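The structure under discussion appears below in the form of structure tokens.
The values are calculated or read from the model by the stated rules, or taken from the named source; none is laboratory data. Note that the structure is predicted; figures quoted are calculated from it, not measured. No Cβ is skipped: glycine too gets one built from the backbone with ideal geometry, and neighbour counts run over all protein chains shown. All accessible areas refer to the heavy atoms of the entire protein, side chains included, with ligands and DNA or RNA removed. Shrake-Rupley method; radii C 1.70, N 1.55, O 1.52, S 1.80 Å.
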Amino acid sequence: MATPERVVPGWMTGGGPAADIALSTRLRLARNLAGEPFPPRQDGTAASRVLQRVGAAVAALPQDHGAYRIVRMADLEGPDRQTLVEQHLISPLLALRATGAVALRADESVSIMINEEDHLRIQALLPGLQCAEALRVADAVDDALNASLEYAFSEEWGYLAASPANVGTGLRASVMMHLPGLVLAGQAAPLFSNLAQMGVVVRGLHGEGSAAVGNLFQISNQVSLGLAEEEIATSLQAIGRQVVDRERSAREWLFANRRTQIEDRVARAYGLLTNARLVPSAEAAALLSDLRLGIDLHVLPHLDPSLFNELLVRTRPAFLQAAAGDQDHPAVRDALRATLIRQRIAQAERRSGKD
Amino acid sequence: MTCDNCHQRPAKYHVTRVVNGERSEEDLCEECALQRGELAMQLQPSAAIHDLLAGLLEGAKPSLRQQEPQQQCPACGLARAEFARTGLLGCEACYTTFAETLRPLVRRVQGAGRHHGKVPAQAAAHAQDEAVASERLPGSAAPGRTATTPGSAETATARMKIGGLREQMQAAIAAEDFERAAALRDRIRALEGRSRDGHA
């Protein structure tokens, strides 16, 4: 079985700074090996050579880097690849590449994608808002790999990437944020357009723009060239911090001025999630967002926030498809999703001693 | 082609599913694919950027075409037209081959033209060697930080070429075409000699 043993990867367990709003931080460094064509132009031989070289370099990592296992896309069934995507351990692009592979650290805080758009995408995944720490983690792996791999690099352009949009530091940091307060208060769209002017890209996780289903957004840096790695990480951290603060004040305002509406919203979501028999994917995302808001605002004080994170991952299609087995069909999936949500909420309530 | 689900919007994604050996295929538009959860949670941010880059290049094309009719990277064979289509480069040497095209493009996308971040240990060590070497050569201009590094495109081109020739040589040996293999070996040696000299 290629999927990680735990359903919820380490980065999504709900801890970390400002984790009530900033669910996770992901930072990746794009690297290519010197003397090898970039993945978009490599043939099968070149791809296996890169995989072999990177595999050897990963195996040679010092012991304090933790244990890695390498999973080749060719050895995985479609749903297993998709599950890795849903856990954010690999990108959708890697899942599509037959010559691709991923080296996963045992604690799942580091995933090294091999033969994605670049030879290497070194990703650090941490819970909460911690850009500087994510940089430190990815940087250490980068240094250790560079001890046995020579990278394509030029003084002018920095680390050379297949796309000129990634050249320079090869760094892209992104913070996944849950912003129901800003969306409900109508402040999300104007904030996002201001952020765009500051070189920050905002995109919805399950949809586009400020109408993203589930109020989940990825906030990331646009520019990878001309700034030092620390500057990029620090600036995204500061911006993330500001978004967190604004989300908090939006929630406070809503709770002070629209309390009944908020409580009604949360209660309806709770009612549907604990009773519905068919819950489609998009509806689950929207209701879970309301549920999480209720937990954060202590409208539902008996539920643990980590329940939300876990259900976010477990209600995704590939996860359910694996569970549905032979009978996989959208309606079967929706029924499975509804049952899973009811059971998990009931378990969480039993544990917290409610009823 | 229209979307198999809504039969209205144009299809953008081809979805192939294999469930227990049963294969099913459909063409979906972005909206339906998203709704069905066929597109993963994490959308590819770079996809849009490639299109943008390709678009910028497209806009600049007429004048560039006049300058360099069918420019191609000598190391990996990437043609300018293909870069214009995909927004992706083929190898490190492409950055030299297409440098004139890339500089304004990168400046527009990145807002900067020069790397100010981390330098890999391999290049840092080499830059130091160069500095030491230049001290030993009286009268030579100090080669500064822009001196040739192992990652520089000229040596990269040579390395890519050598890699390609080695493969051809192996193929020739396998086919017992030893005359051709010997000729390839001589070319490899010549290239290796040159790239070493370029470094010394």
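Things worth noting here:
- Within the range A:265-317, the residues that satisfy the criterion of being among the β-branched types (Val, Ile, Thr) and within 14 Å of chain B (Cβ to nearest Cβ) are A:Val279, A:Val313, A:Thr315.
- Scan of the range A:326-348 for residues that are outside any helix (DSSP H, G or I) and among the charged types (D, E, K, R), ordered by number: A:Asp328
- A:Val200 vs. criteria under 22 Å from A:Cys131 (Cβ atoms) and more than 8 Å from chain B (Cβ to nearest Cβ): yes
- Of the helices (runs of 4 or more DSSP H) that lie entirely inside the range A:74-148, not one contains 3 or more residues that are within 10 Å of chain B (Cβ to nearest Cβ) and at positive phi.
- Scanning the range A:204-223 for residues that are open to solvent by 30 Å² or more (accessible area, probe 1.4 Å), outside any helix (DSSP H, G or I) and at pLDDT 70 or above gives A:Gln222, A:Val223.
- The residues of the range A:117-141 that are buried (at least 23 other Cβ atoms within 10 Å of the Cβ) and of a type in the set (D, E, K, R), listed by number, are A:Glu117, A:Asp118, A:Arg121.
- For A:Pro17: the one exception among (1) open to solvent by 20 Å² or more (accessible area, probe 1.4 Å); (2) touching a residue at least 24 places away in the same chain (Cβ under 8 Å); (3) more than 10 Å from every other protein chain (Cβ to nearest Cβ); (4) over 30 Å from A:Leu293 (Cβ atoms): (4)
- Taking every residue in the range A:30-58 that is at the interface with chain B (Cβ under 9 Å from one of its Cβ atoms) and more than 11 Å from A:Thr99 (Cβ to Cβ) and pairing it with any residue that is of a type in the set (D, E, K, R) and crowded, with 20+ Cβ neighbours inside 10 Å, at least 6 positions away or on another chain, the pairs with Cβ-Cβ distances below 6 Å are A:Asn32/A:Asp118; A:Gly35/B:Arg159.
- Residue list for the range A:149-173, restricted to those being facing chain B (nearest Cβ under 8 Å) and more than 19 Å from B:Arg103 (Cα to Cα): A:Glu150, A:Tyr151, A:Leu171, A:Arg172
- Counting only residues that are more than 20 Å from A:Val183 (Cα to Cα), among the small types (Gly, Ala, Ser) and touching a strand residue (DSSP E or B) at 6+ places or on another chain (Cβ under 9 Å), the range A:237-283 holds 0 of them.
- Screening the candidates A:Ala285, A:Ala323, A:Ala269 for the property of being part of a helix (DSSP H, G or I), outside the structural domain of A:Val201 (by TED's automatic domain parsing), more than 18 Å from the chain's Cα centre (by Cα) and modelled with pLDDT under 95 yields one hit, A:Ala323.
- Lone qualifier among A:Leu76, A:Leu89 - being closer than 30 Å to A:Leu216 by Cα, surrounded by fewer than 22 Cβ atoms within 10 Å (Cβ to Cβ) and in contact (Cβ under 8 Å) with a residue 12 or more places away in the chain: A:Leu76
- Reported count of residues in the range B:71-89, each being at the interface with chain A (Cβ under 7 Å from one of its Cβ atoms), farther than 17 Å from A:Tyr151 by Cβ and without any contact (Cβ under 8 Å) to a residue 24 or more places away in the chain, is 1.
- Considering only residues in the range B:100-115 that are more than 8 Å from chain A (Cβ to nearest Cβ) and in contact (Cβ under 8 Å) with a residue 40 or more places away in the chain, the one that is least open to solvent (accessible area, probe 1.4 Å) turns out to be B:Thr101.
- Some residue of the range A:145-155 being out of contact with any Phe, Trp or Tyr (no Cβ under 8 Å at 6 or more places or on another chain), surrounded by fewer than 24 Cβ atoms within 10 Å (Cβ to Cβ), within 29 Å of A:Arg316 (Cβ to Cβ) and modelled with pLDDT of 90 or more: no
- Taken over the range B:81-99, the criterion of being open to solvent by 10 Å² or more (accessible area, probe 1.4 Å) and either touching a strand residue (DSSP E or B) at 6+ places or on another chain (Cβ under 7 Å) or part of a loop (DSSP other than H, G, I, E, B) (or both) is satisfied by B:Leu88 alone.
- Residues (in a helix (DSSP H, G or I) and open to solvent by less than 50 Å² (accessible area, probe 1.4 Å)) located in the range A:307-320: A:Leu307, A:Phe308, A:Asn309, A:Glu310, A:Leu311, A:Leu312, A:Val313, A:Pro317, A:Ala318, A:Phe319, A:Leu320
- Filtering the range A:158-183 to residues that are open to solvent by 10 Å² or more (accessible area, probe 1.4 Å) and touching a Lys or Arg at 6+ places or on another chain (Cβ under 8 Å) leaves A:Arg172, A:Ser174.
- Applying the condition of being of a type outside the set (A, V, I, L, M) and assigned to a helix (DSSP H, G or I) to the range A:288-306 and asking which residue is nearest to A:Pro317 (Cα to Cα) yields A:Ser289.
- Output for the range A:243-264, where each listed residue is in contact with a helix residue (DSSP H, G or I) (Cβ under 9 Å, 6 or more places away or on another chain) and surrounded by fewer than 21 Cβ atoms within 10 Å (Cβ to Cβ): A:Arg246, A:Arg248, A:Ser249, A:Glu252, A:Trp253, A:Leu254, A:Phe255, A:Arg258, A:Gln261, A:Glu263
- For A:Ala233: the one exception among (1) modelled with pLDDT of 95 or more; (2) surrounded by fewer than 19 Cβ atoms within 10 Å (Cβ to Cβ): (2)
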